[in-house]
Amino acid sequence: MPNKISFDTLFETYRQNVYPAMLEYLAEDLGVSTESLTTIGVGYEFVGPSWVFAERNDKGEIIGLIRRFDGGKKCTITGSKRGLTYAINPNYGKENDRYIPGRHNWIRCSAALSCPICGKKKWCMVSSEDIDNPPAVLCGTEEGSVGPCGESTFLHILRPEGHKTKHCETVLSLTELPILIVEGQTDVAAAYDLGFVAIGRPSAQGGLKVLSKMPLHNCAIAVIGENDAGIGKTGMESSYRTLRKLTTKITRLLPPDGIKDLRTWIHNGLTQAQLLDKINAVPTAPACEVFEDDVAHTIAGVWMEEELLEDGFPNIRLYKGQWLHYNDGHYQKEAPELLRGRLYKFLDGKQYQKVDINGEVTIAPYKPSRAKISDIFDALNQWCPITEDPPVWLDDEEHPDPVNLIPFQNGVLNFTDYMNGKIILTPPTPAFFSMNVIPYEFDESAESAEWISFLNDIFNEDQSKINLLAEWMGYNCVPDMSYEKMMIYTGRPRSGKSTVLEAMRHMLGYGQCCESSFHSLCGPFGLQPLEGTLAALIGDAKTPHARESDSALEKLLQIVGGDPVTINRKGISQLPIIQLVCRFTMAMNELPAFSDHANALEPRLNLLHFENSYVGREDRMLKYRLNKEADQGKLINFALRGLKRLRKNQKFTLPKSSFKLQNQFRVITNPIYEFATECCEFATTFAERASKDYRTVKSELYEVWRMWCKANGRSAGIKPLFYSRFMASYPDLVADRKRVEVGSRHGDNQRYVIQGLCITNDAKLTYLGG
């Protein structure tokens, strides 16, 4: 595994690229000062020129770098996670400045030294750091203190800049003003220009988890929203709800109508004093502990507002009778019992306004019950249902095509950009309804030398086979069914088939795959595991029994062809019409013997032959090592290069061995092909197709077929069925009624004939006796 990116080192490199004139240009463009930009930090990337800002976690560590292009477009640098923008306290983490408690820090007041708080000359103590202008005082007066310090003694901070304990224990600079919570780097810089300490969220509702961990307990906070079509207000409310669990000294406010954000507000003349007046004019409000009434819809709305919104979207959704929870960048199935438990926890200690028959209002405890909980969940149907199949966008904004998006742990990769040589990861959002996510961070430099060595070994360095495998693995990364293909790994035992299958499972992640079998596909609930997956894997598959063969083939053709299917689900309502996006991959020692006279499956097959057998010389730890490489994301770039080649060529690579296997499969699934190859000769030119020499009486063809089947231990079946299957196998042939010569008789004898083929002389001699 390559070393993790040191974002601190990388950001420092970018910062060194910025010259004063460049900083002045950016400051003028953004409408902020160079001092504020220097405070929060800004760098520059010359390749694909862009400004670079750092985003941090609650400990001040840089966890992601954001590129800002001219025009305002932003994207994350590979490996980044979304965090917050703020200036680090310059004294944070300096051990030599850390406060060491003890009597040596204090001097007791005396006749020559009065207490600056109460004026007394005894009992009180001042900081020994500067007795004439002490930064801190211990006094018996409680008013104005920051809290008690021992019995009947209170700590007064007179000069915050001298409060070493605070400087050492928090990443934020100490301030007597409210800390501003804003959106984006530009508003953070604008806040610093106004004299405030500020924290910037990466988006309207992004970064809330990091924000909830910031050292903001009991701090004065003002959340400044944005006037941008509602999402800015929603983000303000989400931040407010997150932070009021940490402090009661919190307010939120929006800029005046017509002013988008804090920066624009300042450009319109806002001063520090004016902003403080507006903040102080807004009353603080505790979390909702008293509902307006006990109506289920009211309570559901409060629960939604306080706990269930993320980026302005509900993070629990109801999809065709199944509850889903948005977490880690995708929607996951959630047991109703767990959601009900969350609701019980939310309702604990809540009250409501009870109106009696006289109209008097009293506050009564809200007592949840099974019936009330069910009613609240019914009320959630106003916000939570999703009617479209994933992947799909849930808003009306312009977005990339969902079939081109690959969600990773550190962002969503748009494969269209990848095709054009750009690697841009965008933050995950609940606006994108997808049940899939690759379970590791995308790293464009991650590679596995052992994987390539393994493939060269099992495929005897046949690059066409390696290319086909890469294309197939990449095809399974996106919810794209347009190629209408499935894959069969076939070959001798112990040839590497299951190892390759398992490596793909680990590359995609278990949540994107499901196990299946021909037998389960034919069962009443056989399609249920396929819902929400990208890949259906059938390991060590055997040809299904005759009674299951037709049913399994029908299901495969439906799903591979992208047709809507009906899914029966245990204990839950049926899904009448759903579009699955899973691709089938099977590992088999021999080709399956389906009965496919219409030749419907063969054009939809990719066949990959494993020639070498390693029986007796197995590497028992190989599968473990390759799976570990896949878990670490070292196979994904191999797959993405394959998908890029597939999209460019618009078809899968066809190795020579696969072409031979396709011919074998055609014969196995439809014996008419073998019969025709052995006993018939087909016209190849237009003149031949019209010639009498390539005209065969249907009854004579059937007689040869019947005798051929007898000689090969097959059942000939009835004539009409044979004719139908033969014509379906060779659709270019023409059936007609023609005058033909029969024996020594000449005349107007009309027979049903097939134009375009003739029976070979050897076949006539063998099966008709001459």
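Bear in mind these aren't lab numbers, they're just calculated from the coordinates by the rules spelled out. These numbers come from a predicted model, not from an experiment. As a convention, Cβ positions derive from the backbone with ideal geometry for all residues, glycine included, and neighbour counts pool all protein chains shown.
Applying a DSSP loop filter and a limit of 15 other Cβ atoms within 10 Å to the GluC sites (Glu not before Pro) in region 173-248 leaves Glu176.
Annotation for region 600-652 versus region 447-462: alpha-carbon center distance of 10 Å. So if we plug the beta-carbon distance of Ser212 and His399 into 1/(1 + (r/R0)^6) with R0 = 25 Å, what FRET efficiency do we get, rounded to 0.05? So the FRET efficiency works out to roughly 0.35. Among residues other than Lys764 with Cβ under 11 Å from its Cβ, the summed charge is -3 (Lys and Arg +1, Asp and Glu -1). Using 0.36 nm per residue and subtracting the Cα-Cα separation, the extra length available between Glu674 and Asp762 on full extension is 30.2 nm. A simple spin-label model places pseudo-atoms 7 Å from Cα toward Cβ; at Ala364 and His267 they are separated by 5.5 nm. With a Förster radius of 56 Å applied to the beta-carbon distance between Lys121 and Asp70, the computed FRET efficiency rounds to 0.30.
Report the charge-dipole magnitude of the chain in Debye, nearest 20, computed about the Cα centre from +1 at each Lys and Arg Cβ and -1 at each Asp and Glu Cβ. The partial results should precede the final answer.
Working: 87 positive and 95 negative charges, 502 e Å.
It works out to roughly 2420 debye.
Kindly work out what percent of the DSSP beta bridges joining two residues of the chain are antiparallel, to the nearest 5. Present the calculation step by step, with values, prior to reporting the outcome.
Details: 65 of 97 bridges.
Among the beta bridges of the chain, antiparallel pairing accounts for roughly 65 percent.
Projecting each Cα onto the charge dipole of region 185-280 (Lys/Arg +1, Asp/Glu -1 at the beta carbon, about the Cα centre), which of His217, Leu270, Ala198 comes out farthest on the positive side? Checking the options against the dipole of region 185-280, the answer is His217. Measuring between their Cα centroids, region 252-271 and region 310-365 lie 35 Å from each other.
Sparse packing (at most 12 other Cβ atoms within 10 Å of the Cβ) combined with a DSSP loop state is found for the following trypsin sites (Lys or Arg not before Pro) in region 422-491: Lys422.
With a cut-off of 10 Å between beta carbons, the residues surrounding Arg82 carry a summed charge of +2, where Lys and Arg count +1 and Asp and Glu -1.
Shape call for region 407-553 from the C-alpha gyration tensor, a ≥ b ≥ c root eigenvalues: rounded (a/c under 1.5), prolate (a/b greater than b/c) or oblate? The partial results should precede the final answer.
Numbers: a/c = 2.25, a/b = 1.24, b/c = 1.81.
It is oblate, given that a/c is not under 1.5 and a/b is not larger than b/c.
What full-extension length gain, to one decimal in nm, is calculated for Gln463 and Glu143 as 0.36 nm per residue of separation minus the Cα-Cα distance? Numbers along the way, then the final one.
On the way: separation 320, 0.36 × 320 = 115.20 nm, distance 8.06 nm.
Stretched out fully, the Gln463 to Glu143 stretch lengthens by 107.1 nm.
For the chain, the longest principal axis of the C-alpha atoms and the axis of helix 698-711 are separated by about 80°. Just tell me which lysines come within less than 18 Å, Cα to Cα, of Lys333; anything on the same chain fewer than 8 places away is out. Filter leaves Lys320, Lys570. Counting beta carbons within 10 Å around each of Ser128, Ser498 and listing the fewest first gives the order Ser128, Ser498.
The modelled label-to-label distance for the pair Val295/Ser520, using points 7 Å beyond Cα in the direction of Cβ, is 4.7 nm. Here the spin labels are modelled as points 7 Å beyond Cα on the Cα-Cβ line, and at Ser551 and Asp58 they lie 5.4 nm apart. The residues neighbouring Leu640, those whose beta-carbon lies less than 15 Å from its own, together hold a net charge of 0 under the Lys/Arg +1, Asp/Glu -1 convention. Counting every other Cβ atom within 10 Å of each residue's Cβ, Trp708, Trp123 order from fewest to most as Trp123, Trp708.
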